[in-house]
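These notes concern the structure reproduced below.
Nothing in this text is a laboratory measurement; each read-out follows from the coordinates by a stated rule. Keep in mind that this is a model prediction, so the values were computed, not measured. We place every Cβ from the backbone using ideal geometry, glycine too, and count neighbours over all the protein chains shown.
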Amino acid sequence: MKLRELAERLGCRLEGDGDIEIARVSGIQDAKPGDLTFVANSKYESALADTHASAVLLREGALTAPCAVLRATDPYLAFARAVALFAPAWRPAPGVHAMAAVAAGAQLGTNVSIGAFVSIGAGASVGDNTVVFPNVTIGDGVRIGSDCVIHSNVAIRERVVIGHRVILQNGVVLGSDGYGFVRRSDGTHEKIPQVADVVIEDDVELGANTTVDRPAVGETRIRSGTKIDNLVQIAHGVTVGRNVLMAAQVGIAGSTDIEDAVVFGGQVGVGGHLTIGRGSVAVGQSGVTNSLPAGAIVAGYPAIDSHEWRRSSVLFKRLPELKRRIEELEARFAELSAQLDESGDDTE
Amino acid sequence: MKLRELAERLGCRLEGDGDIEIARVSGIQDAKPGDLTFVANSKYESALADTHASAVLLREGALTAPCAVLRATDPYLAFARAVALFAPAWRPAPGVHAMAAVAAGAQLGTNVSIGAFVSIGAGASVGDNTVVFPNVTIGDGVRIGSDCVIHSNVAIRERVVIGHRVILQNGVVLGSDGYGFVRRSDGTHEKIPQVADVVIEDDVELGANTTVDRPAVGETRIRSGTKIDNLVQIAHGVTVGRNVLMAAQVGIAGSTDIEDAVVFGGQVGVGGHLTIGRGSVAVGQSGVTNSLPAGAIVAGYPAIDSHEWRRSSVLFKRLPELKRRIEELEARFAELSAQLDESGDDTE
Amino acid sequence: MKLRELAERLGCRLEGDGDIEIARVSGIQDAKPGDLTFVANSKYESALADTHASAVLLREGALTAPCAVLRATDPYLAFARAVALFAPAWRPAPGVHAMAAVAAGAQLGTNVSIGAFVSIGAGASVGDNTVVFPNVTIGDGVRIGSDCVIHSNVAIRERVVIGHRVILQNGVVLGSDGYGFVRRSDGTHEKIPQVADVVIEDDVELGANTTVDRPAVGETRIRSGTKIDNLVQIAHGVTVGRNVLMAAQVGIAGSTDIEDAVVFGGQVGVGGHLTIGRGSVAVGQSGVTNSLPAGAIVAGYPAIDSHEWRRSSVLFKRLPELKRRIEELEARFAELSAQLDESGDDTE
């Protein structure tokens, strides 16, 4: 594609030769002639001078480059769209594979693609244009919207409801039984049947091998626009708001309510029955044991305000020094007391 | 179901109108007319006055409600049983799906249900009434007891032994190779073949995408009545005792012995070759690096007695203040020393 | 097998009766007559005197035993090989199962074994002697080398490249979309298409339910000889060097470069865009937030030098005592000041 056409398609202003042929989008360190590249992280700005790319996406007014430049108001968004323009086609042909098992009475929309070894249960429905890759299990009564992508080896349990344009990465489990047991007097546990609902709203994406449990009563719900990374645990009865981001290996305990636009770093743990206020942030590995007000930024275990945490964390490393200073004070004090006693004795 | 009948089936004492029709069990905040609800967490007691439920499960002697009441000695247990009474039927019809692959010589009990795309290896056996959902792989020589539920997309490796009434949530892996390698002098590693046994005893439940490894020698064993949540790692050679509870994302390193009735919060990590004493508890995210005596309650990393940990943890937040107090003491001491030196000088 | 023959095959020096029949390899605590055992962990040395094993693998010159001894330069390596000698045969017969779905044009090497419900996409290739267990999904254009073992329920996405002698434990996901989104001005997120490469080099082993994401541009690469445990997250654009070891539940954020021979304990988290120097070590549960030089050994969160961390960690437990000592100093100082003021008053 000519750089001129690319600029037009991405809504960028072109600086340089519009006749250059662009064949690929690549990272700044790997870029070769024929590549469009970008600077997404200031760490890589210094690499710009030495890039072999033929063109680079840059913000209006910022930086210059030894190659052609596409000026964008949001270069990262332009990069995302450029990647899409060059991405290989991946959509399998519509149709139901001969070795799929679709229960009589399951409803398939137009233009769906159902791969080999996909099992679709009685009363389930799959919306228009949705793609289901091989070895996916869709339980009885599941409802899946249109334009979804269900990657291979996903398990969707009975009666789970999924909206439109949802993407489930491989190995996702939806609607597994929540972890609910009542202790009997002999120390054994009785299972509380987990039979209530799981709802995944529109435009949600769930990462590989992530699990979302169903509750005994009520529902587990992930609201529209939320993006969750791999190996995350969403326990029974949790509500996740709109446009929430959770990095890999986060775990949310039961019945917690996570409001819109919350951000969790990797491996964060959140206790049960809490409310995590709108737009709050927990940095990676923190352990949230109390509800958070809107806009909180927390770190550590138990998670506290991240500035406070940083100040204490710096001092954690200096604990041996602080101890030494206490010991020194004690020694000097003892010495002084001895002197004073002596001088006191002297004056008697 | 009439409330009177429900009271009888749950063994509860009825206060109020026994002719009320109950159609559903629900949480106190969502309850509508026709619902039976409960108070499981004191946090929700205040919601009781405003509930729209038609009836509520309460302990004998405690609280009152603006609706009919079922008095139970253990309301939470009664709730579990009430949920079961109203749960939708879920059991697939007995039989072997036409697109299952059952090896010649594999033994299936009476009344089993084997779903589509289930592969059962040579010499494997599945007990009476056990349900195997689609896309499950059961390796050669596996033995599964009766009344088990194996949810979709589970992988059970060769020769694993599973007791009765075991529930495996979706995506569970049993009998994968333990992480065992010997370093060679050139820095590469030689695999120690992991070919020994995995035994899952009666009444165990394992959560979605949880993994249980097999060892090179000896066995990995999970004893009866233990309930494990999602995304948990049980390494090779681990023994987990009876009626143990582990929340999501816990990881247990190799050859550790976990005694009966232990409780681990979410994301707890436990080192290898340890003994975790009967009934001990590790709170969420703690890292257990030493063996624990029976009844220990630990927190933090490295995990220490939880009371000790809490005391230190509170002071962690106050480290900047403690440092300031040390600095103040130093300053006052320096001032005092100067004064004393001066006054000493004066007296000379 | 006669002990004499075993000694020969393992390259060990025999002390004792070479005519003893050995039927099994077992751990020192479980060993019975007819067993060969070993001492891999000094914790178990004391058990040696009481072992019922018929023979034991020991280092030259070290320890003695109440049974026959096989002296080895590396007893643990000899143990690994002994286990292999007695391991049950596990390799399924070559051939393609009648209920596999192999796309026209996919290339299968000689002597491959393809299990039931395996889906192999268009343009994919599987090398000689590779075994693919049931319910595995292999996407379009995937290339798998020879002598690999792909355990059941693995998902390999389109165009992933896998070397020779690679072992994928059950439930592994390779090539799932990396977690890459651009925030739009309305708070929603646009997906950056994740369409670039994942390369798994020779002799790599990945544990059960581990996930490896593909990036938007560039590649995710795991170099030869690296062994990764269960439930590990390798994000998009990460490079993992040669002979790296990662225990279970480790998470590596995007674009991080992990050099050769690095070792991570369980549940370690590593931030994005970092460089982890050759041979460095992070102990279990640590959180690595900065790049590490070669040979670093770190612990804690944020991870610091492990010796420093240990010194501070010991003092964390003693924070209540340190606070008490500060309070004592303050009290004594106040008392002293009062005395001095008084004596100062006296002298006026």
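So the values come out like this:
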| read-out | value |
| --- | --- |
| Neighbourhood net charge (10 Å Cβ-Cβ; Lys/Arg +1, Asp/Glu -1) for A:L85 | +1 |
| Ellipsoid equivalent to the protein assembly as shown - semi-axes via the Cα gyration tensor, in Å | 47, 37, 37 |
| Whole-percent pair-distance distribution, where bins are 10 Å wide, for the alpha carbons of segment A:150-240 | 19, 49, 22, 8, 2 |
| Computed [θ] at 222 nm, deg cm²/dmol, chain C (DSSP H ≥ 4; -39,500 (n - 2.57); rounded to nearest 500) | -6000 deg cm²/dmol |
| Sparse-neighbourhood loop sites, GluC sites (Glu not before Pro) in segment C:20-110 - DSSP loop, at most 12 other Cβ within 10 angstrom | C:E60 |
| Environment charge at A:T51 (Cβ cut-off 14 Å; Lys +1, Arg +1, Asp -1, Glu -1) | -2 |
| Antiparallel bridge percentage (DSSP; both residues within the protein assembly as shown; nearest 5) | 10 |
| Share of pairwise Cα separations in chain B, more than 25 Å, in percent | 67 |
| Within a Gaussian network of chain C (alpha carbon springs, distance under 10 Å), most fluctuating of C:S185, C:S176, C:S152 | C:S185 |
| 10 Å-binned pair-distance histogram of segment B:204-348 (Cα, whole percent) | 12, 33, 19, 10, 9, 8, 6, 3, 1 |
| Whether segment C:231-303 is rounded, prolate or oblate, judged on the alpha carbon gyration tensor where a/c under 1.5 counts as rounded | rounded |
| Rg/Rg_globular for segment B:31-187, with Rg_globular taken as 2.2 N^0.38 Å and Rg from C-alpha atoms | 1.53 |
| For segment B:95-307, share of DSSP beta bridges that run antiparallel, in % to the nearest 5 | 10 |
| Given B:K317/C:K323; A:K32/C:K191; B:K227/C:K43; C:K2/C:K43, the pairs whose alpha carbons are separated by over 19 Å | A:K32/C:K191; B:K227/C:K43; C:K2/C:K43 |
| Formal net charge of residues neighbouring B:G269 (Cβ-Cβ distance under 15 Å; K, R +1; D, E -1) | -2 |
| Cα-only Debye scattering, segment C:246-285: base-10 log of I(q)/I(0) at q = 0.30, 0.33 Å⁻¹ | -1.08, -1.19 |
| Calculated FRET value between B:D17 and C:A334, using beta carbons and R₀ = 45 Å, to 0.05 | 0.05 |
| Order of C:L329, B:L36, A:L70 - criterion: other Cβ atoms within 10 Å of each residue's Cβ, fewest first | C:L329, A:L70, B:L36 |
